[in-house]
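Below: the structure, in structure tokens.
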Amino acid sequence: MTKDEIAIVISIASLCVAAIALGWNIYRDVVLKPRLRVSVMRAVIASEAIRPSNKFIISAVNFGPGKIRISIIRFRQSSIFKKLFRKWQHGVLIHDYRNPLSGQLPSTLDVGEKIDLIFPWDSDCLCGNNPSHIGIADSFGRTHWAPKKEVQNVIKQWKQEFGNEKV
């Protein structure tokens, strides 16, 4: 190989390294956003000072990478028919700021941090609206939805307890 050929090979190799570095930077800054795992449940809260009571809890854990700011709880009612005609019904759940045991929104979560949002378990609970999806919106404009199976289980529990009270 001559000096010119070696220079061309080195230039091509450096071009490939630069392209890979540029691709990684674009992926890291544009595509790779923090992931939030959301779960919903009915749970009993009790202590020595508090009588045992049922609560509706929405939990979120930041799986990273990086911090994430969560702002509002969203829910959606949809079915196959509604999806075909794009007739979804959306709503937001305003957080109960008076509950000292509950986390507060908006909130910034570091990687590995968790927030528990606690609501009363009664006939006026979110489950009475029969949502098919429950999630939390973040500062990137994305909504992280709880697994559909968990939402269905909570609604089933609510209907067993309060189904006859709701008109």
Conditions (1) assigned by TED's automatic domain parsing to the domain that holds Val151; (2) out of contact with any Ser or Thr (no Cβ under 8 Å at 6 or more places or on another chain); number of the one not met by Val40: (2)
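Out of curiosity, is Asp96 out of contact with any strand residue (DSSP E or B) (no Cβ under 7 Å at 6 or more places or on another chain), acidic (Asp, Glu) and surrounded by fewer than 16 Cβ atoms within 10 Å (Cβ to Cβ)?
Values: out of contact with any strand residue (DSSP E or B) (no Cβ under 7 Å at 6 or more places or on another chain): no; acidic (Asp, Glu): yes; surrounded by fewer than 16 Cβ atoms within 10 Å (Cβ to Cβ): yes.
No: the conditions fail for Asp96.
Residues that are touching a residue at least 40 places away in the same chain (Cβ under 8 Å), under 17 Å from the mean Cα position of the chain (by Cα) and closer than 30 Å to Asp122 by Cα: does segment 18-34 have at least one?
Taking segment 18-34 and keeping what is touching a residue at least 40 places away in the same chain (Cβ under 8 Å), we get 33-34.
With under 17 Å from the mean Cα position of the chain (by Cα) added as a condition, the list becomes 33-34.
Remaining after also requiring closer than 30 Å to Asp122 by Cα: none.
No: zero hits.
The values are calculated or read from the model by the stated rules, or taken from the named source; none is laboratory data. All values derive from a computational prediction rather than experimental measurement. Please note: Cβ atoms are built from the backbone with ideal geometry, for glycine as well, and neighbour counts cover all protein chains shown.
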